[in-house]
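A quick write-up on the structure given underneath.
Just so it is clear, none of the values below were taken in a lab; they were calculated from the coordinates. Owing to the predicted nature of the structure, the values given are computational and were not obtained by experimental measurement. Please note: Cβ atoms are built from the backbone with ideal geometry, for glycine as well, and neighbour counts cover all protein chains shown.
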Amino acid sequence: MRDSPLIIIPCLNEAAHLPSLLAQLLRDSPDAPIVVADGGSSDRSRGIVAEVARDYPNVVLMDNPDRLQSAGVNRAVATYAGDRRWFVRVDAHCRYPESYVSRLVEAAARRDVVSVVVPMVTEGHGCFQIGCAAAQNSLLGTGGSAHRHIGRGQFVEHGHHALMAVDAFKRVGGYNEAMSHNEDAELDCRLATEGRIWLEPACAITYFPRRTPRALWRQYYGYGKGRAQTIVLHRLRPRLRQMAPLAVPIALLLAIFGAPLSPLFLVPLIGWAALCLGIGGAIAIRSRSLCSAAAGPAAMIMHLAWGCGYLIRRFGIRTNRVSQ
């Protein structure tokens with residue numbers, strides 16, 4: 001069984017990040033096969049990978065006709081993993097610490113695990129993205145999820161996917177390709193039957209959030225739908241941090257249909273909006289960044305979109321899957 005892990009990069013229009021990412025991975029793991037699973041990029045992504053592959057034969061451009069990240073990773077594992085013990089999923093739109101892959105392998109060697117996951121912190125550039133980052137780095141946007149903050153190493157139920165055991169991944173059937181969002185948490189429900197999952201803080205990554213309100217809405221609407229799918233599939237009981245956003249679309253409906261009867265029906269919606277905006281203002285004051293005040297509106301979008309996606313998928317009409 002070969003020691004160097006297979007590295008898989010699901011990709012769609014990531015020309016801005018691929019050159020530096022591939023250079024870093026080649027420095028870290030010069031002998032590891034690196035597969036870029038491209039879902040039909042229309043920018044320079046495919047050309048960039050092809051140029052690098054001419055100098056480094058271990059870099060491979062693989063077509064992902066299904067476009068979903070989950071399908072790309074499944075196809076890459078089935079085609080290129082062979083008898084390797086580990087593979088590493090690397091998302092192109094994140095920033096990684098130096099020696100990322102080797103640190104993951106070392107962490108796995110110290111623990112009897114089937115997966116090493118990592119925490120992530122969010123960084124923004126431009127006012128709205130900075131606000132998104134501030135929200136996603138706070139309790140307002142994460143609900144206290146362990147992998148959304150850098151804390152201590154621990155065994156967890158879920159984290160941002162990084163290194164996984166190839167055999168365990170194959171035994172549980174890989175990612176669920178019927179899911180466009182939350183496929184990672186759903187896989188962890190099955191992967192946990194094969195062994196433990198370790199959260200490694202030394203390998204924390206930096207994530208860049210959506211740049212526009214519309215893109216943020218679409219992302220979190222998908223997250224809500226995906227979480228509902230996971231809960232139904234595995235008959236899970238939602239956590240409090242997952243239940244709280246469900247009250248937001250309900251409060252909105254109460255305001256729309258109840259306000260003509262009594263202004264009291266506006267109270268839940270106004271209270272939630274005031275809380276988000278107030279916390280956003282407090283974050284801006286603490287960070288001395290006016291842009292961070294956008295954390296309030298960003299959190300409002302995340303809560304409402306997540307809640308709508310969850311409720312529609314859980315109790316409403318099934319919609320066709322969409323690419324990420």
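A few remarks follow.
- The chain - share of DSSP beta bridges that are antiparallel (%, nearest 5): 35 percent
- Ranking VAL118, GLY173, PHE208 by Cα position along the charge dipole of the stretch 106-265, where only Lys, Arg, Asp and Glu carry charges on their C-beta atoms, puts PHE208 farthest toward the positive end.
- For the stretch 213-315: rounded, prolate or oblate by the Cα gyration tensor [a/c cutoff 1.5]: oblate
- Per-peptide average of other Cβ atoms within 10 Å, ordering 275-282, 164-171, 29-36, 105-112 highest first: 29-36, 164-171, 275-282, 105-112
- Full extension of the chain between ASP31 and ASP3 yields a length gain of 9.1 nm, computed as 0.36 nm times the residue separation minus the alpha carbon distance.
- Computed E for VAL60/LEU233 - FRET, C-beta separation, R0 30 angstrom, nearest 0.05: 0.40
- The residues neighbouring ASP91, those whose beta-carbon lies less than 13 Å from its own, together hold a net charge of -1 under the Lys/Arg +1, Asp/Glu -1 convention.
- Dipole of the stretch 213-315 computed with +1 at Lys/Arg Cβ and -1 at Asp/Glu Cβ about the Cα centre; of LEU254, TYR310, HIS234, farthest Cα towards the positive end is HIS234.
- Debye, to nearest 20: dipole size of the stretch 213-315, +1 on Lys, Arg Cβ, -1 on Asp, Glu Cβ: 480 debye
- Helices that extend 18 Å or more along their long axis by alpha-carbon positions and average at least -0.5 on the Kyte-Doolittle scale are, among the DSSP H runs of the chain, 267-287, 295-315.
- An oblate overall shape is assigned to the stretch 1-93, the ratio a/c of its alpha-carbon gyration tensor axes (a ≥ b ≥ c) being 1.5 or greater and a/b not exceeding b/c.
- Ranked packing of 176-189, 237-250, most packed first, by mean Cβ within 10 Å: 176-189, 237-250
- Here Cα extents along the principal axes in Å was calculated from the structure, and among (i) 79, 38, 37; (ii) 56, 45, 38; (iii) 69, 43, 39 it sits at label (iii).
- In this Cβ point-charge picture (+1 for Lys and Arg, -1 for Asp and Glu), the chain has a dipole of about 960 debye about its Cα centre.
- The calculated FRET efficiency for the pair ALA168 and LEU277, based on their C-beta separation and a Förster distance of 35 Å, comes to about 0.20.
- 11 Å beta-carbon shell around GLU194, net charge (K/R +1, D/E -1): +2
- Ranking MET300, TRP217, LEU275 by how far each Cα lies toward the positive end of the dipole of the stretch 213-315 (charges on Cβ) leaves TRP217 at the top.
- The chain, helix-only ellipticity at 222 nm - DSSP H runs n ≥ 4, -39,500 (n - 2.57), divided by all residues, nearest 500: -14500 deg cm²/dmol
- For the stretch 92-219, the share of DSSP beta bridges that are antiparallel, to the nearest 5, is 55%.
- Extension gain from ARG111 to SER262, taking 0.36 nm per residue of separation minus the Cα-Cα distance: 48.5 nm
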